[in-house]
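A.B. asks: Input: one structure, supplied below.
The values are calculated or read from the model by the stated rules, or taken from the named source; none is laboratory data. In this text the structure is predicted, and so the values were computed from the model without any measurement. Note: ideal-geometry Cβ built from the backbone for every residue, glycine included; neighbour counts use all protein chains shown.
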Amino acid sequence: MSAQILDGKLMAENIRAEIKDEVAKFVEETKVQPALAVILVGENPASQVYVRNKEAACVKAGMKSLMYRLPEETTSSELLELIGKLNKDADVHGILVQLPLPKSIDEKKILDAIVPEKDVDAFHPTNVGLISQGRPNFLPCTPYGIQQLLVRSKIETKGKHAVIIGRSDIVGKPMALLLLQKGLGGDATVTVCHSRTANLPEITKQADILIAAIGQAEFVTADMVKPGAVVIDVGMNRKEKEVVDENGEKKLVNKLVGDVDFESVKEVAGWITPVPGGVGPLTVTMILYNTLNGARRQVAAR
Ligand SMILES: NC(=O)c1ccc[n+]([C@@H]2O[C@H](COP(=O)([O-])OP(=O)(O)OC[C@H]3O[C@@H](n4cnc5c(N)ncnc54)[C@H](OP(=O)(O)O)[C@@H]3O)[C@@H](O)[C@H]2O)c1
């Protein structure tokens, strides 16, 4: 039997339509247009695509998108100066620095410089601390998007064993915190695995909900998955794959694939997210949501 597909693209479209309505109401009431400043340093092709997607999504939702495209040679102090200006600018409600930054720049120092009130990625230590105490300011976009996907698909997390592969600050750790929270979309029993985890397949096979955030193409195979499990694939990797073209000829194409071997795992899982069209569109959507909420709080505090 084949798993049901969790259509992140469709869900993202629905949530974006809700956000667009909320933005319109907010603008009417306050005469303030929520604005997101996005900073991109260098020419990383994947980052350029992500940034373009964020910009387009922002504009479509009725928000202002302020793009700062800086050259690879930008120094830490130049970047800190820009962030300092945006922190003080009352017309900017969210600030996002596209990662990765060039190696010469201390990423943590830059991210820590964004005021927590405008930190729509929820990377600032203050925001991370608030999340861990269950009183979040902003929720981190990818884990929040996944939580929404589960909740809106009526997938129960309460009492379920959620296994996360990956312990990054961006996905794995905050995902664990959200699933641990009390209430809807939380109350799970959470196990976090990483590259030093022993007997990984034994653990993943116990998962009711398996979340893969590894960064290795098609790492999770069918033998690692419990029958009927919910499988969430966060990975975005490029891989040469053999396809048959319209003339019946085999050829190699460079494809975007997840951390889960979709073809084999879909035969075992109960639910599965595709790549593309799963977690990715929801991540961008939650940035919009955080920007709107940031604007709401900043206007209320004036
Ligand atoms: N769809 C989206 O919106 C979105 C958003 C963010 C990221 N992503 C994608 O998600 C993936 C993960 O991103 P990330 O930023 O979390 O990556 P990351 O910082 O590189 O972290 C990867 C994690 O996977 C673990 N890992 C690596 N090899 C492993 C193995 N063989 N067995 C078990 N664990 C292993 C690492 O363990 P150690 O800690 O021990 O090294 C690490 O904790 C990437 O493909 C990224 O492009 C997608």
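A.B. asks: Restricting the search to the stretch 174-191, which residues are touching a strand residue (DSSP E or B) at 6+ places or on another chain (Cβ under 7 Å) and either surrounded by fewer than 18 Cβ atoms within 10 Å (Cβ to Cβ) or of a type outside the set (A, V, I, L, M) (or both)? Even if it seems obvious, please write down each step before you answer.
C.D. replies: Quick first cut of the stretch 174-191, residues touching a strand residue (DSSP E or B) at 6+ places or on another chain (Cβ under 7 Å) only: 175-176, 179-180, 188-191.
Selection gives 180, 189, 191.
A.B. asks: Also, quick follow-up: Without any contact (Cβ under 8 Å) to a residue 60 or more places away in the chain, away from the ligand (no atom under 15 Å from the Cβ), of a type in the set (Lys, Arg) and within 22 Å of residue 16 (Cβ to Cβ), is that true of residue 160? Full working, then the answer.
C.D. replies: Values: without any contact (Cβ under 8 Å) to a residue 60 or more places away in the chain: yes; away from the ligand (no atom under 15 Å from the Cβ): yes; of a type in the set (Lys, Arg): yes; within 22 Å of residue 16 (Cβ to Cβ): no.
In short, no.
A.B. asks: Ok, one more. Check whether at least one residue in the stretch 266-273 is within 16 Å of the ligand (Cβ to nearest atom), assigned by TED's automatic domain parsing to the domain that holds residue 156, of a type outside the set (A, V, I, L, M) and touching a strand residue (DSSP E or B) at 6+ places or on another chain (Cβ under 8 Å), and report yes or no.
C.D. replies: Within the stretch 266-273, the subset within 16 Å of the ligand (Cβ to nearest atom) is 272-273.
Retained after the next criterion (residues that are assigned by TED's automatic domain parsing to the domain that holds residue 156): 272-273.
Now narrow it down to the ones that are of a type outside the set (A, V, I, L, M): 273.
In the following step, the residues that additionally are touching a strand residue (DSSP E or B) at 6+ places or on another chain (Cβ under 8 Å) were identified as 273.
Within the stretch 266-273, one or more residues are within 16 Å of the ligand (Cβ to nearest atom), assigned by TED's automatic domain parsing to the domain that holds residue 156, of a type outside the set (A, V, I, L, M) and touching a strand residue (DSSP E or B) at 6+ places or on another chain (Cβ under 8 Å).
A.B. asks: Exactly one condition in (1) closer than 23 Å to residue 96 by Cβ; (2) away from the ligand (no atom under 16 Å from the Cβ) is not met by residue 173; state its number.
C.D. replies: Unmet for residue 173, out of (1) closer than 23 Å to residue 96 by Cβ; (2) away from the ligand (no atom under 16 Å from the Cβ): (2).
A.B. asks: Restricting attention to the stretch 201-227, which residues are part of a helix (DSSP H, G or I) and more than 14 Å from the ligand (Cβ to nearest atom)?
C.D. replies: Filtering the stretch 201-227 down to residues part of a helix (DSSP H, G or I) leaves 201-204, 222-224.
Once the filter is applied, which keeps residues that are part of a helix (DSSP H, G or I) and more than 14 Å from the ligand (Cβ to nearest atom), the stretch 201-227 yields 222, 223.
A.B. asks: Considering only residues that are out of contact with any Leu (no Cβ under 7 Å at 6 or more places or on another chain) and part of a strand (DSSP E or B), which ones fall in the stretch 148-164?
C.D. replies: Restricting attention to the stretch 148-164, the residues satisfying the condition of being out of contact with any Leu (no Cβ under 7 Å at 6 or more places or on another chain) are 150, 152, 154-156, 158-161, 164.
Scanning the stretch 148-164 gives 161, 164.
A.B. asks: Give all pairs with beta carbons closer than 8 Å in which a residue from the stretch 1-13 that is free of Cβ contacts under 8 Å to residues at least 40 places away in the same chain and surrounded by 15 or more Cβ atoms within 10 Å (Cβ to Cβ) meets a residue that is in a loop (DSSP other than H, G, I, E, B) and not β-branched (Val, Ile, Thr); count only pairs at least 6 apart in sequence or on separate chains.
C.D. replies: Between residues of the stretch 1-13 that are free of Cβ contacts under 8 Å to residues at least 40 places away in the same chain and surrounded by 15 or more Cβ atoms within 10 Å (Cβ to Cβ) and residues that are in a loop (DSSP other than H, G, I, E, B) and not β-branched (Val, Ile, Thr), there is no close pair.
A.B. asks: Could you say whether any residue in the stretch 192-200 is surrounded by fewer than 24 Cβ atoms within 10 Å (Cβ to Cβ), near the ligand (Cβ under 8 Å from one of its atoms) and part of a strand (DSSP E or B)? Steps first, answer last, please.
C.D. replies: Initially, the stretch 192-200 is screened for residues surrounded by fewer than 24 Cβ atoms within 10 Å (Cβ to Cβ), giving 192-200.
Adding the requirement that they be near the ligand (Cβ under 8 Å from one of its atoms) leaves 193-197, 200.
Retained after the next criterion (residues that are part of a strand (DSSP E or B)): 193.
Within the stretch 192-200, one or more residues are surrounded by fewer than 24 Cβ atoms within 10 Å (Cβ to Cβ), near the ligand (Cβ under 8 Å from one of its atoms) and part of a strand (DSSP E or B).
A.B. asks: Residue check: is residue 277 on the phi > 0 side of the Ramachandran plot and away from the ligand (no atom under 11 Å from the Cβ)?
C.D. replies: Details: on the phi > 0 side of the Ramachandran plot: yes; away from the ligand (no atom under 11 Å from the Cβ): no.
The answer is no for residue 277.
A.B. asks: Okay, moving on. Of (1) surrounded by fewer than 24 Cβ atoms within 10 Å (Cβ to Cβ); (2) away from the ligand (no atom under 16 Å from the Cβ), residue 295 satisfies all except one. Which?
C.D. replies: It fails just one condition, (1).
A.B. asks: Let me ask something else about it. Checking residue 32 against (1) outside any loop (DSSP other than H, G, I, E, B); (2) in contact (Cβ under 8 Å) with a residue 60 or more places away in the chain; (3) crowded, with 16+ Cβ neighbours inside 10 Å, which single condition isn't satisfied?
C.D. replies: (1)
A.B. asks: Hey, among the residues in the stretch 232-244 that are of a type outside the set (Lys, Arg) and over 16 Å from the mean Cα position of the chain (by Cα), which one's nearest to the ligand (Cβ to nearest atom)?
C.D. replies: Taking the stretch 232-244 and keeping what is of a type outside the set (Lys, Arg), we get 232-237, 240, 242-244.
Then drop every residue that is not over 16 Å from the mean Cα position of the chain (by Cα), which leaves 240, 242-244.
On the way: 240: 16, 242: 21, 243: 21, 244: 27 Å.
So the residue we want is 240.
A.B. asks: In the stretch 239-271, which residues are in a strand (DSSP E or B) and either modelled with pLDDT of 95 or more or under 30 Å from residue 161 (Cα atoms) (or both)? Spell out how you get there, then give the answer.
C.D. replies: Filtering the stretch 239-271 for residues in a strand (DSSP E or B) gives 239-244, 250-257, 260, 271.
256, 257, 260, 271, listed by residue number.
A.B. asks: Here is a list: 73, 22. Which entry is surrounded by 14 or more Cβ atoms within 10 Å (Cβ to Cβ) and among the charged types (D, E, K, R)?
C.D. replies: On inspection, the qualifying residue turns out to be 22.
A.B. asks: Hey, another quick one. Can you tell me which residue among 95, 5, 15 is more than 26 Å from residue 275 (Cα to Cα) and not assigned by TED's automatic domain parsing to the domain that holds residue 228?
C.D. replies: On the way: 5 fails: more than 26 Å from residue 275 (Cα to Cα); 15 fails: more than 26 Å from residue 275 (Cα to Cα).
From the options 95, 5, 15, the qualifying one is 95.
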